[in-house]
Amino acid sequence: MSRLESEIAEYVGNFTRRHGYPPTVEELMRQFGTITIMCMMFYVLNLYRIGMIRNSLFFGTQDLALLPVKSR
């Protein structure tokens, strides 16, 4: 996992705990200064692939939720 992916996962978890709902992809783009939605979706899809986040709207731009990393 890259440094940016780890920062995104941490931000999603903190945002969700603070606000009671997860950030949208647009909010992530504003926070991390990503120029295009495709760049942000690349990171979101990587985090989904490794099991760090889930998305209830089939990769839409809302309802990201952080999944806890299982400790061994």
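The values are calculated or read from the model by the stated rules, or taken from the named source; none is laboratory data. Since this is a predicted model, take the numbers as computed values, not measurements. A quick note on method: Cβ atoms are made from the backbone with ideal geometry, for glycine too, and the neighbour counts reach across all protein chains shown. Note: areas computed on protein heavy atoms with side chains; ligands, DNA, RNA excluded. Shrake-Rupley method; radii C 1.70, N 1.55, O 1.52, S 1.80 Å.
Being surrounded by 15 or more Cβ atoms within 10 Å (Cβ to Cβ) and at pLDDT below 85 is true of residue 44. Looking at segment 22-47, which of its residues are over 18 Å from residue 3 (Cβ atoms) and touching a strand residue (DSSP E or B) at 6+ places or on another chain (Cβ under 9 Å)? Residues satisfying the conditions are 22, 23, 24, 25.
Here residue 51 fits the description: at pLDDT below 85, outside any helix (DSSP H, G or I) and at positive phi. Sort out which residues of segment 54-70 are aliphatic (A, V, I, L, M) and either modelled with pLDDT of 85 or more or open to solvent by 90 Å² or more (accessible area, probe 1.4 Å) (or both), and write them in order of number. Correct list: 69 only. Checking each residue in segment 14-39 for being crowded, with 16+ Cβ neighbours inside 10 Å and modelled with pLDDT under 85 picks out 22, 23, 25, 34.
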